[in-house]
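Visitor: Once you've had a glance at the structure underneath, I'll fire off some questions.
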């Protein structure tokens, strides 16, 4: 019978260790307000941000004087959601001017480059270019995790969270992690929405490609741990049940 008890204890210990490592990989539920505030970058420290077109982006082009050459018409009541794809090498293929490389350019720069290409064929080439797939990503304890469209190229943290259906009751408001890709590096910030600077932090700017992870609070983390341990405990019980029966029969 002692062997049965030792087996169950060992199984629970291994499950407990596994659960803890999974949770720590994404968040620390014991982050204090002071620690969270120290890791926050001052708003505006990134300077002027301009989105640069990337391979696999979709762009919409409106040709004011030649609508048949664009992807949408200025008189159309239907919003263009398809556009044209920037290929994996950074080129976009357009009527008349064929392929033009625009990856790495800002929207105004790409617009000027395409306009210049059209002016070789048209005297009155004027166009407007927009990137259609500007999105931020929200994961974790929100009601609607996934993509949030950024129609104005950027939005505040509060607006993005609202677009994700707001925080759940299990959200850890002391440690909201924002991952930002800037040039070739990824910058991580931890934001506290409960402290004295909560309004300031809620207005932190989120840009296309940024990812927000809302960690669960202690109660939620405990529930996740219990839900992962329970199947292991059930399995251990099923495995040891025949041994318990044998021990019981021997005792009798």
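Nothing in this text is a laboratory measurement; each read-out follows from the coordinates by a stated rule. These figures come from a predicted structure and were not determined experimentally. Cβ coordinates were reconstructed from backbone atoms using ideal geometry, including for glycine residues, and neighbour counts include every protein chain displayed.
Visitor: Starting from the 7 Å offset along Cα-to-Cβ, what nm value, one decimal, do you get for the label separation of residue 48 and residue 91?
Guide: Each label point lies 7 Å from its Cα, and together they span 3.2 nm.
Visitor: Now, a different point. Place the peptides 170-179, 138-147, 117-126 in order of packing, highest mean first, counting for every residue the other Cβ atoms within 10 Å and averaging per peptide.
Guide: Output ranking for 170-179, 138-147, 117-126: 170-179, 138-147, 117-126.
Visitor: Reported to two decimal places, what Rg/Rh ratio describes region 58-131 when computed on Cα atoms with Rh from the Kirkwood expression?
Guide: Ratio of gyration radius to Kirkwood radius: 0.93.
Visitor: Hey, rough spin-label estimate for residue 56 and residue 168, points 7 angstrom out along Cα→Cβ, what's it come to in nanometres?
Guide: That separation, rounded to one decimal, is 2.7 nm.
Visitor: For residue 196 and residue 106 in one chain, what is 0.36 nm times their gap in residues minus the Cα-Cα distance, to one decimal in nm?
Guide: Answer, rounded to one decimal: 28.7 nm.
Visitor: A follow-up question, please. How big is region 101-164 along each principal axis, measuring the range of its Cα positions in Å and listing the largest first?
Guide: Here the Cα extents, ordered largest to smallest, are 53, 19, 15 Å.
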